[in-house]
Amino acid sequence: MKIRHKLLATIGLIVLLGLLFLTVLYKTHELSRSNTLSDDQLYQIQIGSYELSVLTYEAILHPQETRPKQQWLNKHRTLMNQIEGIEFDYSLEQRNIKKLKSNLLTISELFKRLSPATEHSQTTISPDFTLLQQKRQRIAASIQSVALEVAASASELRTSVNNEHIDSMQRMFTTAFAVTLIATLLLISLSFGVFRNIFTAVNNLLKGVTQVTKGDLSYRSSLHTDDELEEYANAFNEMVSRLDKTMASRDLLNKEIIKQKATEKKLREYKNELENKVRERTEALEKSRLAAISIMEDVNIQRKKAVTAQQQTENTNKELEQEITQRLKVENRLRENETSLKHAIIEADSANRAKSIFLANMSHELRTPLNAILGFSEILIRDNMLSRDQRDSINIINRSGEHLLDMINDVLDLSKIESGKIEIEERPLDLKKMLYDIESMINIRVEHKGLKFTLEFAENLSQFVVTDAGKLRQILINLLGNAVKYTERGGISLRVKSDSLDGQQDRVMLCFEVEDSGIGIPEDKYDAIFIPFVQTGSSDHQGKGTGLGLAISKSLVELLGGQISVQSVIDKGSIFSFQVPVAPTHGSEASEDITTSKPAVLSLAPDQPEWRILIADDNKENLQLLKKLLTQVGFRVKEAKDGQEAIDIYKQWRPDFIWMDMRMPNVDGYEATRIIRNLPNGDNIKIVAITASAFKEQKSKILDAGCDEVVRKPYRSYEIFDVMSDVLGASFIYDATTVDEQPNNKLVSSDRIDSLPQEIVDNLFLSSKQLDAESILSIVEDNDIITEDISEVLVTLAKEFRFDTIIEMLSQHKKITDE
């Protein structure tokens, strides 16, 4: 069951519980209102009975008056109407009402009997007067008795109604409490089950990521939840499995390379040894030849020694023959060694090619599952139903994926540097802005560890220079990242200055120093730290990276024409220094490196064609990811598992746009693209390649195959929609709330500065020259005449201690400029 469905069921139960509570409140109110009305009516009947008894005696006392009789009749009629108006659902009360009616009718009959007796009393006194008077008293007593019985019945009925009301309320509250308790227990049980499954699954994935980050590639997640988290776990297991195989292949290949290098070294040593032996034998042979010539010349002179000389000559000839034979053998062995050396060189070239193939495969096999992990985490983080803990856990998964991607990129960067394929891309750079950006980024990391970061640069430092900005930034981030990693207390400093170069007026030498108060580096390890895959830190810090950061930094510094060095004291800290030559330039030539957050795409804009999109990818996770992204915003999507299926779907469906993976079974993306381009209307369809290759040289090969553009894995959702907007012409509706608001640090125009009073401008200018940020903030706060846009810029620059920028902005003022 999907997480979303579980959460909806929980919400539905909560709503049902609320409706039950409202129903109980309504019923309680109705019962209370009905009981109050009935009680009031019965009370009026009780009081009316007493009044009826009083009016009876008043009629006896004033027999000649009609008013008491009329009042008695009106009250009796009112009581009858009140009794008729009472409604009860209980049989006992109905019987009491009938009894009340019967008693009132009896009273009416008695009063009728009383009326003639009263009229008769108006005659003169007769002997029967006493009897009549007694009769009236008996009738009045009967009426009073019945009236009191009516009052008692009404009182008894009130008590009965109130008791019945109380019983009904108790039954209702008991029932409501029982139902509410059951629903609450069910809600708690369901919620506990849902969130326990989610937390268990997220902790399982987090544990797996932690294990893999520590280097345990044998870990596999055993998560079975039938929801999105199980898909994450499957993608994670697949990634770890492929990473394990890849790392095993890399280790085996490294062993083979080391073995080949050892063989090459031995062959070179053996070759040198053979050459030395041949040289020695040749010299000895030359000496023997000269000795033989000398002996032949002395034969005639030394006839007496002829026999001896002849023997010596024969011996010498034998030695010469042996030397010649030995030399021929050595030459044959040398030729054999040269042949072996050629074979070794060929094998080394094969190993290098295998290394390149390995890197390409690693790029594809690791980037492909990483694309699914990062993509699905980006989709899942948009769910508003997630709790803060769930969002934090998903962010950890995302950051771990980014960390793995950085490790892969480090290996690829080192490979490019070693093969000479990396190039310098020099362009104008705002150096100070880059330093401030790095400062902001590092401050976040050091504050998390309770450290302090300090940025210092010389006053004469050029703000705009020409260099490879990306590589310079990478060097600084690598060095500062290492400083943060190996520093637990104290702080980190970055110092920058520039020195002139002898004989080069158009270039200066930028000098950087990164100092930390970390664990330090032993002096005998200074050279080892710049070797790839080597980490010399303590065991607590090892395993936190690839060991390539310093090696890449050293190579990039040398590529930029500079040098890097290190000084360190154990338990005191380290200083990494490097210098690179640059060319100063003007600010107008510097290109801005603006990074803005991309807004999320909500849907396709209205009044557009019904775009049909075909996705060709043999990886199930990546196929699901891209399909989910596109269908959510309104595209019609079909999918193909390989190039041949993509060709068949194109012939039948005629899509408007194709996402083409370049590595697929049966027919790959290159061949499928060429075939589609040759089909009817194939030149008009838009085809964009998706590749996990990290080598830029692959792009030209992909474009030559017929693709319109290339997107590399792992990609972000905004890259997909940007490409479809550029290539297909699709328009989208964006969620403006996802765009980060950046402070406006642009300089204020001169006419806006001229609108300020001269005194305020002078005070701001003086405070900036004195590097007094507090004074600048006070001036802005105390002067309402300064507009909001100017205030925002001044406050931002003052808090960032960019006094040079404030002075530059104020210098636009006419009077300041003239001065």
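Scan region 176-201 for residues that are of a type in the set (Val, Ile, Thr) and touching a residue at least 60 places away in the same chain (Cβ under 8 Å) and jot them down.
Within region 176-201, VAL179, THR180, THR184, VAL194, ILE198 meet the criteria.
Condition (residue is modelled with pLDDT of 70 or more, assigned by TED's automatic domain parsing to the domain that holds ARG281, surrounded by fewer than 17 Cβ atoms within 10 Å (Cβ to Cβ) and under 30 Å from ASN619 (Cβ atoms)) applied to region 368-383: is it met by at least one residue?
yes
Yes or no: GLN632 polar (S, T, N, Q), more than 23 Å from ALA730 (Cα to Cα), in a helix (DSSP H, G or I) and not assigned by TED's automatic domain parsing to the domain that holds MET509?
So GLN632 does not fit the description; no.
Just give me the residues in region 57-81 being at pLDDT 75 or above and surrounded by 12 or more Cβ atoms within 10 Å (Cβ to Cβ), in sequence order.
Within region 57-81, PRO68, LYS69, GLN70, GLN71, TRP72, LEU73, LYS75, HIS76, ARG77, THR78, LEU79, MET80 meet the criteria.
Mind counting the residues in region 247-268 that are closer than 12 Å to LEU341 by Cα and surrounded by 15 or more Cβ atoms within 10 Å (Cβ to Cβ)?
Looking only at that region, the number is 4.
Which of (1) farther than 23 Å from PHE376 by Cβ; (2) modelled with pLDDT of 85 or more is the odd one out, the single condition LEU756 does not satisfy?
Failed condition: (2).
Considering region 597-655 alone, what residues qualify as being touching a helix residue (DSSP H, G or I) at 6+ places or on another chain (Cβ under 7 Å), of a type outside the set (Phe, Trp, Tyr) and free of Cβ contacts under 8 Å to residues at least 40 places away in the same chain?
Correct list: VAL637, LYS638, GLU639, ALA640, GLY643, ALA646, ILE647.
Within region 144-161, which residues are closer than 10 Å to ASP39 by Cα and free of Cβ contacts under 8 Å to residues at least 12 places away in the same chain?
THR159
Somewhere in region 506-524, is a residue assigned to a helix (DSSP H, G or I) and surrounded by fewer than 20 Cβ atoms within 10 Å (Cβ to Cβ)?
yes
Filter region 82-110 down to residues that are within 19 Å of ASP40 (Cα to Cα) and among the acidic types (Asp, Glu) and give me whichever is modelled with the highest pLDDT.
Only one residue fits best here, namely GLU84.
Would you check which residues across region 606-632 are surrounded by fewer than 19 Cβ atoms within 10 Å (Cβ to Cβ) and within 26 Å of the chain's Cα centre (by Cα) and list them?
Scanning region 606-632 gives LYS620, GLN624, LYS627, LYS628, THR631, GLN632.
The values are calculated or read from the model by the stated rules, or taken from the named source; none is laboratory data. Because the structure is predicted, anything quoted here is derived from the model rather than measured. Note that we place each Cβ from the backbone using ideal geometry, even for glycine, and neighbour counts take in every protein chain shown.
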